[in-house]
There are 2 protein chains.
Amino acid sequence: MQPDVKKRRSTIYDLAELAGVSASTVSAVLNGNWKERRIAEATAKKVQRLANTHRYTVNRQASGLRKSRSGLIGMIIPMHDNRFFSSMSQVFERLARERHWYPLVVSTLRDPALELETVRTLISYRIEYLVVAGATDPDSVSRICQAHAVAHVNVDLPGTKATSVVSDNYWGAQQLTLALIDRSRASRSPKRNKPYFVGGIATDNATRRRMEGFADAVTARFGGVEASQLDACGYAAELAESAVERLHRRSGGLPRALFVNSTIALEGVVRFLKTLPPDELAACTFGCYDWDPFASVLSFPLLMVRQNVEGLLGEAFRIIDTRSFDDKRVIEIKPELLFPSQSGDASTTNDAPRHAVA
Amino acid sequence: MQPDVKKRRSTIYDLAELAGVSASTVSAVLNGNWKERRIAEATAKKVQRLANTHRYTVNRQASGLRKSRSGLIGMIIPMHDNRFFSSMSQVFERLARERHWYPLVVSTLRDPALELETVRTLISYRIEYLVVAGATDPDSVSRICQAHAVAHVNVDLPGTKATSVVSDNYWGAQQLTLALIDRSRASRSPKRNKPYFVGGIATDNATRRRMEGFADAVTARFGGVEASQLDACGYAAELAESAVERLHRRSGGLPRALFVNSTIALEGVVRFLKTLPPDELAACTFGCYDWDPFASVLSFPLLMVRQNVEGLLGEAFRIIDTRSFDDKRVIEIKPELLFPSQSGDASTTNDAPRHAVA
DNA sequence: GCGGATGGCACAATCGATTGTGCACGATAG
DNA sequence: CTATCGTGCACAATCGATTGTGCCATCCGC
């Protein structure tokens with residue numbers, strides 16, 4: 001098919017025979033350490049030329065086996081099909097490549113069994129490091145990794161058996177809540193004259209911290225908070241939709257401020273809001289914990305919190321770079337606040353770096 | 001650290017010594033072919049028990065080297081951080097796992113050099129198949145794959161040197177355009193009494209086919225189409241925003257129907273639309289080629305086309321399963337049409353299967 | 001002309017698993 | 001008592017690359 005090119009993949013032995021040298025010479029040339037091994041420059045050139053014309057590529061299975069290094073770094077995420085995690089994949093790849101590691105990202109569908117299975121397979125391919133992002137059971141993953149001496153870091157959901165880097169959900173929720181309150185207008189109805197929180201799962205670490213941040217901010221401004229102001233109804237859009245519909249019915253209108261705990265929940269909320277007249281919407285200030293480009297072009301203003309993916313993974317790689325796996329702390333990274341100014345479209349108040357999103 | 005467990009990773013040789021058998025026996029047991037190799041059941045049990053307590057996992061570098069099989073199947077995509085491609089990753093993983101292959105998904109950032117580099121690295125890890133999704137230069141990728149005898153399929157963007165599976169962009173655009181026209185109301189102004197197309201890049205295969213579909217549908221209903229009705233202004237939101245703003249200014253209002261050629265472009269369009277009074281929006285019917293969950297909760301109705309990711313990759317895997325790499329055809333897969341019915345929220349007319357999106 | 005210092009490379013072991021082949025032993029048949 | 005057969009396993013080669021070690025030639029100095 002190709003002219004001048006062997007049908008089978010060529011090995012260093014093929015090249016050695018063609019060049020009339022030994023395989024170890026070929027290996028030295030292709031690894032760039034031929035000077036240390038005192039190979040003549042003419043020989044090196046000849047071997048390199050042959051490698052090019054025969055399209056030689058090293059067999060990383062063989063080389064990894066011998067060197068007991070694979071060059072692979074793995075990351076597990078719950079799913080690809082999600083703004084937050086797909087953005088994690090994108091940043092992870094870049095940071096891995098900068099370090100000359102080859103990134104492997106696999107999803108585990110929030111299935112604890114698949115999580116462990118996937119990690120075992122990654123280990124069998126001899127990944128050198130693992131980033132455990134959003135695992136349902138990080139400590140079980142840690143146990144497997146420890147048994148195989150694979151260094152790893154938890155990201156997004158913390159564990160107790162490895163260093164963890166998570167979003168500062170408490171701070172983010174607190175800031176968002178304060179901003180919502182300060183931008184909202186008082187309501188004559190006492191039931192409606194307070195902020196509400198909707199969405200998420202109360203046993204989930206992230207949701208719990210956000211609820212705490214919300215509650216503390218509300219207490220700071222209103223002197224107290226009632227349980228009925230928080231409804232961790234789940235993440236699904238339908239659940240959030242009916243949660244807000246109930247709230248609206250019970251209170252005879254929208255509250256002065258509404259904290260929606262994910263973009264998926266926001267989808268449901270917006271579905272309900274579309275059934276209301278525009279002036280009702282104007283009475284409420286909306287915030288969403290998580291970011292979506294489309295959410296910023298909805299017909300009403302929306303405050304958003306964007307998780308700092310750069311920051312989370314940057315810190316994870318810092319831990320890997322410095323091999324500081326032993327202090328099993330939980331490091332918190334502040335998210336970004338995206339608050340449209342009163343006037344128009346401009347946004348943000350934060351010192352955290354932003355990163356461009358196509 | 002662990003009690004009862006060696007510090008180093010254990011090999012079949014370690015297990016062999018512990019069990020008092022040979023490494024080949026251990027290998028046979030762990031591969032499940034110990035019956036064919038006439039290993040006593042008692043021996044097999046003993047080896048399996050040892051493998052469990054010592055948390056043995058096979059070294060796939062070694063096993064792959066020997067068997068010259070890696071168990072890996074690769075896919076390259078332009079980026080993760082995008083609804084369409086992240087959904088491709090998700091489906092790809094599932095289809096690969098169903099076939100007991102281990103999926104490797106890597107992004108190439110639409111950079112031709114990185115594309116080739118990435119493919120070469122995947123090959124050096126000895127992937128057995130490659131799905132080339134959205135490559136800027138599929139034929140160069142094909143050349144590398146052919147030189148290394150790696151079977152591959154193009155998806156989304158067609159090439160000439162391998163079987164390609166692409167969206168039926170012509171059909172989708174045609175159907176969307178016809179639906180837009182049929183649901184739109186005539187305008188008194190002749191300039192505004194026709195549909196317009198905005199977004200995309202005319203040299204891009206997908207955009208070109210969509211423009212053809214649009215043009216043919218418009219011709220079918222109006223007897224002709226003018227060049228000014230199509231503006232492939234690029235994908236960026238800003239470009240689409242100003243393109244529609246120009247159109248609005250030139251025509252003295254919105255056209256009766258507007259075809260937006262991507263969700264990113266739609267973001268820009270919506271930004272402009274927010275500056276218009278609601279009754280102006282009511283005069284125009286909007287369609288978007290590509291799907292986004294938030295786009296369906298905008299304040300105005302929107303017809304959408306969702307690419308059939310299941311269908312695209314299902315067909316790609318069918319080609320791999322049946323090893324029919326030789327007919328270098330371009331196979332087209334019809335997208336899904338998501339058309340809200342006049343009344344409310346229900347959607348869709350299509351026989352293509354839908355798949356749930358969390 | 002001899003010893004030592006390079007220069008230039010080949011040899012062979014090794015990484016961990018797989019797999020074709022063959023040996024030893026006991027049971028059975030004749 | 002011996003030939004045959006089946007059972008149960010061990011041996012050794014192999015995949016492709018890496019790397020410690022050592023050999024041979026040449027050259028230089030004296």
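Miscellaneous remarks
- Which numbered condition B:Lys46 misses (of (1) more than 42 Å from the chain's Cα centre (by Cα); (2) modelled with pLDDT of 95 or more; (3) within 10 Å of DNA strand C (Cβ to nearest atom)): (3)
- Only one of A:Arg208, A:Arg271 that is surrounded by fewer than 23 Cβ atoms within 10 Å (Cβ to Cβ), under 32 Å from the mean Cα position of the chain (by Cα), at pLDDT below 95 and not in a loop (DSSP other than H, G, I, E, B): A:Arg271
- Evaluating A:Ala295 against the criteria (1) closer than 28 Å to A:Thr163 by Cα; (2) surrounded by fewer than 23 Cβ atoms within 10 Å (Cβ to Cβ); (3) at pLDDT below 95 leaves one unmet condition, (1).
- The residues in the stretch A:37-67 that are more than 8 Å from DNA strand D (Cβ to nearest atom), part of a loop (DSSP other than H, G, I, E, B) and more than 29 Å from A:Ile127 (Cα to Cα) can be counted, and the count is 3.
- Test: residue in the stretch B:223-233 that is in a helix (DSSP H, G or I) and within 22 Å of B:Asp292 (Cβ to Cβ): no
- Scope the stretch A:143-160; condition farther than 17 Å from A:Glu117 by Cβ and within 11 Å of chain B (Cβ to nearest Cβ); matching residues: A:Gln146, A:Ala149
- Of all the listed residues (B:Ala96, B:Ala40, B:Ala23, B:Ala62), the sole one being within 8 Å of DNA strand C (Cβ to nearest atom) and more than 9 Å from chain A (Cβ to nearest Cβ) is B:Ala23.
- Single unsatisfied condition, A:Arg8 versus (1) modelled with pLDDT under 95; (2) within 12 Å of DNA strand D (Cβ to nearest atom); (3) more than 9 Å from chain B (Cβ to nearest Cβ): (3)
- Matching strands (runs of 3 or more DSSP E) fully within the stretch A:92-175 where at least 2 residues are within 19 Å of B:Trp101 (Cβ to Cβ): A:102-107
- Check on B:Leu18, outside the structural domain of B:Tyr125 (by TED's automatic domain parsing), near DNA strand C (Cβ under 8 Å from one of its atoms) and either in contact (Cβ under 8 Å) with a residue 24 or more places away in the chain or crowded, with 21+ Cβ neighbours inside 10 Å (or both): no
- Counted residues, the stretch A:258-294 - those being within 12 Å of another protein chain (Cβ to nearest Cβ) and aromatic (Phe, Trp, Tyr): 3
- Pairs with Cβ under 9 Å, 6+ apart, first in the stretch A:108-121 and at the interface with another protein chain (Cβ under 10 Å from one of its Cβ atoms) and surrounded by fewer than 16 Cβ atoms within 10 Å (Cβ to Cβ), second of a type in the set (Asp, Glu) and assigned to a loop (DSSP other than H, G, I, E, B): A:Glu117/A:Asp111
Residue-wise test of (1) surrounded by fewer than 22 Cβ atoms within 10 Å (Cβ to Cβ); (2) more than 30 Å from A:Val309 (Cα to Cα).
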residue	(1), (2)
A:Ser10	yes, yes
A:Tyr13	yes, yes
A:Ala40	yes, yes
A:Arg60	no, yes
A:Gly64	no, yes
A:Ser70	no, no
A:Ile77	no, no
A:His100	yes, no
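- Considering (1) surrounded by fewer than 23 Cβ atoms within 10 Å (Cβ to Cβ); (2) away from DNA strand D (no atom under 16 Å from the Cβ); (3) among the small types (Gly, Ala, Ser), the lone condition that A:Ser86 does not fulfil carries the number (1).
- Residues in the stretch A:70-85 that are more than 7 Å from chain B (Cβ to nearest Cβ) and modelled with pLDDT of 95 or more: A:Gly71, A:Leu72, A:Ile73, A:Gly74, A:Met75, A:Ile76, A:Ile77, A:Pro78, A:Phe85.
Each row is one residue, and each column tells you yes or no for (1) surrounded by 22 or more Cβ atoms within 10 Å (Cβ to Cβ); (2) without any contact (Cβ under 8 Å) to a residue 40 or more places away in the chain; (3) charged (D, E, K, R); (4) touching a strand residue (DSSP E or B) at 6+ places or on another chain (Cβ under 9 Å).
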site	(1), (2), (3), (4)
A:Lys161	no, no, yes, yes
A:Ser167	yes, no, no, yes
A:Leu178	no, no, no, no
A:Ala202	no, yes, no, yes
A:Phe214	yes, no, no, yes
A:Arg221	no, no, yes, yes
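- Being part of a loop (DSSP other than H, G, I, E, B), closer than 24 Å to A:Ala206 by Cβ, modelled with pLDDT of 90 or more and more than 13 Å from every other protein chain (Cβ to nearest Cβ) is a description that applies to A:Pro255.
The values are calculated or read from the model by the stated rules, or taken from the named source; none is laboratory data. Predicted model only: the values in this text are computed from it and were never measured. No Cβ is skipped: glycine too gets one built from the backbone with ideal geometry, and neighbour counts run over all protein chains shown.
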